[in-house]
There are 4 protein chains.
Amino acid sequence: MKNTFGVSVSVTVFGESHGEAIGAVIDGIAPGISIDYGYIDSQLSRRRPSSGIDTARQEKDEYKIVSGVFNGITTGTPIAIIIPNTDTRSKDYSKIKDTPRPSHADYSARMKYHGYEDYRGGGHFSGRITAPLVVAGAICQMALDKIGIKIGTHILKCGGVYDRGFENYGTDISALEGKSFPVLSDAESRMTEEILKAKSDRDSIGGVLQTAIIGVPAGVGEPWFDSVESVLSHALFGIGGVKGIEFGAGFAMADMRGSEANDSFTYKDGQVVTETNNNGGINGGITNGMPIVFNLAIKPTPSISREQDTVDLANGNSTSLIIEGRHDPAIIRRACAVVDSISAICMCDMIAQRFGTDFFTRGK
Amino acid sequence: MKNTFGVSVSVTVFGESHGEAIGAVIDGIAPGISIDYGYIDSQLSRRRPSSGIDTARQEKDEYKIVSGVFNGITTGTPIAIIIPNTDTRSKDYSKIKDTPRPSHADYSARMKYHGYEDYRGGGHFSGRITAPLVVAGAICQMALDKIGIKIGTHILKCGGVYDRGFENYGTDISALEGKSFPVLSDAESRMTEEILKAKSDRDSIGGVLQTAIIGVPAGVGEPWFDSVESVLSHALFGIGGVKGIEFGAGFAMADMRGSEANDSFTYKDGQVVTETNNNGGINGGITNGMPIVFNLAIKPTPSISREQDTVDLANGNSTSLIIEGRHDPAIIRRACAVVDSISAICMCDMIAQRFGTDFFTRGK
Amino acid sequence: MKNTFGVSVSVTVFGESHGEAIGAVIDGIAPGISIDYGYIDSQLSRRRPSSGIDTARQEKDEYKIVSGVFNGITTGTPIAIIIPNTDTRSKDYSKIKDTPRPSHADYSARMKYHGYEDYRGGGHFSGRITAPLVVAGAICQMALDKIGIKIGTHILKCGGVYDRGFENYGTDISALEGKSFPVLSDAESRMTEEILKAKSDRDSIGGVLQTAIIGVPAGVGEPWFDSVESVLSHALFGIGGVKGIEFGAGFAMADMRGSEANDSFTYKDGQVVTETNNNGGINGGITNGMPIVFNLAIKPTPSISREQDTVDLANGNSTSLIIEGRHDPAIIRRACAVVDSISAICMCDMIAQRFGTDFFTRGK
Amino acid sequence: MKNTFGVSVSVTVFGESHGEAIGAVIDGIAPGISIDYGYIDSQLSRRRPSSGIDTARQEKDEYKIVSGVFNGITTGTPIAIIIPNTDTRSKDYSKIKDTPRPSHADYSARMKYHGYEDYRGGGHFSGRITAPLVVAGAICQMALDKIGIKIGTHILKCGGVYDRGFENYGTDISALEGKSFPVLSDAESRMTEEILKAKSDRDSIGGVLQTAIIGVPAGVGEPWFDSVESVLSHALFGIGGVKGIEFGAGFAMADMRGSEANDSFTYKDGQVVTETNNNGGINGGITNGMPIVFNLAIKPTPSISREQDTVDLANGNSTSLIIEGRHDPAIIRRACAVVDSISAICMCDMIAQRFGTDFFTRGK
């Protein structure tokens, strides 16, 4: 399905970085969800470049919801979100048409689209496309909120600096809400320092994000191929820059013994819970009622202003390249709102498949 | 689609550990692929328990291909693979019906299926179901072989012991073919020792698998949501025990700077290649012609014979459990053939979507 | 998805007429449905050739359900149905390999599969494949029965003889249940006479089937592309021989004026109903609570024993052909159980999408 | 997938009649197709109301293609088409919120969306949504044109007046191109007369459309559930007002004997052709190289200005209704461009699945 993801709730994205507009259509959202425009703005502002550590490109993200919402409430029909592109400077990119930027999609897109692709600013592969996804995801978060499901993402690691992991999930997720630099500890200044250091070195850095989803009932997900891990990883690898995902203790479990790794069941306040959560809330691909927890590896932004080796596809020889234009030394901060959004879309879809499309209309 | 995966080439699995039969239907395989039954047997034998380090359950894996193959050649119609269950000892499992095994699917399945699930031996969640997937994957590997695509998986880490990574991909993949304990270095004896140590401690261990896929042309995969990473991770997380996946340098990229992580392009023998392969052959979700490389985190086998805490769902109280029956102290060795198979199914699907269903009929 | 159909409830078919076995996998059936084996047998027996008017091929249809049912109750996991082929006489068919039978799939299959197709007895295109579909459909009918949805199909027209249309839907559907020659009036003998007349002329005839589905609540179906008409027609055109479908008054509506065709709403016993049902229970692609009604055009069986013109693909010249073997002079009687079955699968799928997979577990 | 249709080529629609904008996203179109804007305009103008016989609503259809086209050529990424709504008069509709119009989607939509639907002018169910589908379809027709596939639709019957059927397909399809009132004979004036007669009676009429698709190679389509009939009918029943579809001789085949109905094969200019085309170019769900031919039953426009019986959902009693506003006495003329478009989208999808996404880039 290419640019569409989801079954009962699905999202379709379109647009190019320097085209006329970008957007998304989210379908299958239950009728009766009140749109909180302030919340959308707050999520968009978390994704937007901020002074100092991000790209200098100014994006107003003046989105329009042109369908599927009537009198401020979802109708149940497709919600189309459109964001016109305004601050585009195409001349920055024209010279790199034949000299693909290392670690970007330029070369693989050219092989796929035979040179017809819109190469300006990464075209359809640009991180710009995540802006309408954040609007779509914010709407999903409003739907999830009605049934008590909450999602939070923080920067677990950046430039070698660690944030603490989730402890009290409810409190931690609330604390992250609306945060422009989402960390749970006091790591912001040290992480920012590392980002600025990379920037001044005309370089970039990546990091690790950690996400928790709480309030999901046990029994969601489908064997064998629509496991919760399958669905979330499928959608999240759609985000440029994500190169790894691990659920619960993830790769660390590879070094554990079963006796350490297994999450024992016990009763707490009459509910079945596990004493540890190394499986990240998922057993056999299906939720067990514990928080869903996963980490994402985000690679350093490929666009750096240092000279890099590449090829000249027009002439068939090796050459070098200096990327001009405006770029983020680290996208990890801005990626948090995107990860929240995509996770919300996936959860809405899995919940709707399990409990029907009206579940969100009725609410908890 | 639950138990079905894929678009142009799709696989459907069915069966329970102690039911009458398990099986898979693979649809969309091009007509004209000669079935190499010896190769299927060799892949099945790699998945089968071997003496000493694996479960004592004897599985003959006497599969039957009941459709889609005529005179030993694929017809283009669905290929159904059926494996009757023979060596089942259901009495081992009946007592655990209400006491879910930690880290297994027992509890989450019960919440999903309301107690109607076949709980014997993990039921539909049993690793047994991977046997027909190996047959399906072997057929896909025959199709891929016709167009020069090869896949190999080795145990990168187990019990703290490391194998070396891929170096010369072609040679290394050939060396792994048919190997019962697939490693590239001399790590087998030390890994085996760790597995046996865990076994004698009535415990289990996990590990990390590394897979390489070579021969895939540049330009395969689809933005945004059918990226190569999306498709592979979706399918691979279907395998029980997989808790993480990383492509190329993966989580290590989170600690690199862009100048280290970026894979420079250059010409080699007239072909565009990258000098490093930190992106694992995938840029922007699309292949760049370099080997596709990924690592999978495999958790320790949940079934251990030590006493574990759990709940008694019938009585609503905490209890403890000793798992009897026959289990693997480590599934990592057996998982290699499964990972090869699922990767092969995914690649067939992505290639068929890109180049048409007949591409494999015509061959290279 | 080729041989798979459905979203929340999906069915996959496999097999060839003269292969080792045929079968189907139905996935997404809710847990907790008790299997009524007598009902399955009765539906299979309605599909089976009966003496006199049908093919002489004896099919025992000894199906096995090898997964997804535990202690006679559905588990919620895929149900695999396997029917071994026994009474196959392949020699009847070998001579027609290069001389495609008119109106059969022989030629188009050869163009699609490049000669690798199993050409014996129509191979994968054989009506035999509908036998496991009938088993799958019968299970769906049991699920639908739990929530008060019932389906009935009768022969509306055959050989120029008309049956009466549905009048009292509930009574009529009950009357059709288990009927081997499903008509609502006394048309059986006259229709049978026409079938036998065609048979004695070494010819075949077709007809029109009419189906009604009652008990479906208003609000099922999805604009624009998963309308109830879309979903049913998609699945029903999978049946060989179906060449047309019309809902409600269908093609007759093309000759009506709006004032005649429009179904006025009124209240009856506190329920909104329509005074007529020209729309066949569907407005805007969504159910309105009235009976869903549709007619299917079934073409005459292509296999006739008269000499026919065709081509010799091996020699590249025109030739003639006499089809030997055992064939039905009319499949319309046997098709009723198949249409019931496919309709049931579609309804289960649409209901599960709308109300969640557990809706059938809870029951009405 | 609700508002999305297609596999390799897919279309997603959004919007409401009186919302801010309507639109469509078409994904999977091969790169390298030159956009002929004149052709899009010509197709849109065929769908637009014309003086006299259609609705008085003036729709400018000022569409924008905001993505997926670069320098007038498709890029291979999603093409988003947006049409702002301008001439909307919402006050005409507000009074009918609780009094559903007979044969419209008002009541079934209310049951589905619980009253949250945008009820103005049919909301998401409005025929307005077909305008962006016509743009999407026109782009698909450009792609098909590159490989020699052509599509034409004419009014076979309207108000009891018959057009002649297709004779010389190539010439006939060319003759229909751009025609505002698409008939093959001189039936226009008599049909128009019938439409105006219905209009003056404050009534409406329907009719039958006939479509032919030529140039499709043999071997396209998939058993069992993606037959050419399945795919086309699925998509075409998405159009409001379609109540029946028949392929080739369709319902007339139900009255034929096999010896009449079977299409004999013969050689003509070295090609395999059939002497008749009662199967409409499709055998066993797969194309046989002959023209694909189907008829669609279009019901009379539900909106008539006569008084009609309906219910008052707010008060729970029966009432009557006079529909004001501007409506078409017959949509059949305007539907031709829509049927062409949806057929084109389906054919692009089936061709891309069969021959790969690049097939259209390479061209014939």
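Things to note:
- Looking across segment A:320-355, just one residue is free of Cβ contacts under 8 Å to residues at least 24 places away in the same chain and either in contact with a helix residue (DSSP H, G or I) (Cβ under 6 Å, 6 or more places away or on another chain) or assigned to a helix (DSSP H, G or I) (or both), and that is A:F355.
- Tally, over segment D:23-48, of residues that are in contact with a helix residue (DSSP H, G or I) (Cβ under 9 Å, 6 or more places away or on another chain) and within 7 Å of chain A (Cβ to nearest Cβ): 5
- Test: residue in segment A:144-159 that is over 17 Å from A:L44 (Cβ atoms) and among the hydroxyl-bearing types (S, T, Y): no
- Members of segment C:201-248 found to be aromatic (F, W, Y) and under 17 Å from C:L296 (Cβ atoms), listed by number: C:F237, C:F247
- Check on B:I323, buried (at least 24 other Cβ atoms within 10 Å of the Cβ), under 30 Å from A:T266 (Cα atoms) and modelled with pLDDT under 95: no
- Answer residue from segment D:50-81, given it is of a type in the set (S, T, N, Q) and either more than 30 Å from D:E324 (Cα to Cα) or in a strand (DSSP E or B) (or both) and is modelled with the lowest pLDDT among those: D:N71
- Where C:D172 falls short, out of the listed (1) acidic (D, E); (2) in a helix (DSSP H, G or I); (3) within 11 Å of chain D (Cβ to nearest Cβ): (3)
- Residue count for segment A:194-233, restricted to those that are part of a strand (DSSP E or B) and among the aliphatic types (A, V, I, L, M): 6
- Check on A:S17, more than 8 Å from chain D (Cβ to nearest Cβ), touching a Ser or Thr at 6+ places or on another chain (Cβ under 8 Å), over 25 Å from C:P223 (Cα atoms) and not β-branched (V, I, T): yes
- Residues within segment B:243-286 that are assigned to a strand (DSSP E or B), under 28 Å from A:F294 (Cβ atoms) and at the interface with chain A (Cβ under 7 Å from one of its Cβ atoms), tallied: 8
- Looking only at segment D:301-319, and only at residues there that are in a loop (DSSP other than H, G, I, E, B) and polar (S, T, N, Q), the one that is farthest from the chain's Cα centre (by Cα): D:N315
- Hey, C:G19 small (G, A, S), modelled with pLDDT of 95 or more, more than 22 Å from C:R354 (Cα to Cα) and part of a helix (DSSP H, G or I) or not: no
- Checking each residue in segment A:297-314 for being at the interface with chain B (Cβ under 7 Å from one of its Cβ atoms) and of a type in the set (A, V, I, L, M, F, W, C) picks out A:A297, A:I298, A:I304, A:V311.
- Answer residue from segment A:211-220, given it is surrounded by 24 or more Cβ atoms within 10 Å (Cβ to Cβ) and out of contact with any Lys or Arg (no Cβ under 8 Å at 6 or more places or on another chain) and is nearest to the other protein chains (Cβ to nearest Cβ) among those: A:V216
- Single residue of segment D:345-359 satisfying the filter (within 16 Å of B:D358 (Cα to Cα) and hydrophobic (A, V, I, L, M, F, W, C)) that is farthest from the other protein chains (Cβ to nearest Cβ): D:M350
- Subset of segment C:118-148 that is of a type in the set (V, I, T) and in contact with a strand residue (DSSP E or B) (Cβ under 6 Å, 6 or more places away or on another chain) - its residue that is farthest from the other protein chains (Cβ to nearest Cβ): C:V135
- Hits in segment B:221-242 (condition: within 17 Å of B:I151 (Cα to Cα) and either hydroxyl-bearing (S, T, Y) or facing chain A (nearest Cβ under 7 Å) (or both)): B:E229, B:S233, B:A235
- Exclusive hit being over 28 Å from A:G207 (Cα atoms) and not polar (S, T, N, Q), set A:G244, A:G270, A:G281, A:G285: A:G270
- Selection from segment A:190-200 of residues that are polar (S, T, N, Q) and closer than 18 Å to A:I298 by Cβ: A:T192
- Any hit, segment C:187-208, residues being more than 14 Å from every other protein chain (Cβ to nearest Cβ), aliphatic (A, V, I, L, M) and either surrounded by fewer than 19 Cβ atoms within 10 Å (Cβ to Cβ) or farther than 15 Å from C:M350 by Cβ (or both): yes
- Every residue from segment D:129-148 that is surrounded by fewer than 24 Cβ atoms within 10 Å (Cβ to Cβ) and either touching a Gly at 6+ places or on another chain (Cβ under 7 Å) or farther than 28 Å from D:F181 by Cβ (or both): D:K146, D:I147, D:G148
- Counting only residues that are surrounded by fewer than 24 Cβ atoms within 10 Å (Cβ to Cβ) and of a type in the set (K, R), segment B:235-258 holds 1 of them.
- Residue, nearest to the chain's Cα centre (by Cα), within segment C:141-178, restricted to residues that are over 19 Å from C:I298 (Cα atoms) and basic (K, R): C:K150
- The lone criterion from (1) without any contact (Cβ under 8 Å) to a residue 24 or more places away in the chain; (2) out of contact with any helix residue (DSSP H, G or I) (no Cβ under 7 Å at 6 or more places or on another chain); (3) not hydrophobic (A, V, I, L, M, F, W, C) left unmet by D:R257 is number (2).
The values are calculated or read from the model by the stated rules, or taken from the named source; none is laboratory data. What you are looking at is a predicted structure, and each value in this text was computed from that prediction instead of being measured. With ideal geometry, Cβ positions are generated from the backbone for all residues, glycine too; neighbour counts draw on all protein chains shown.
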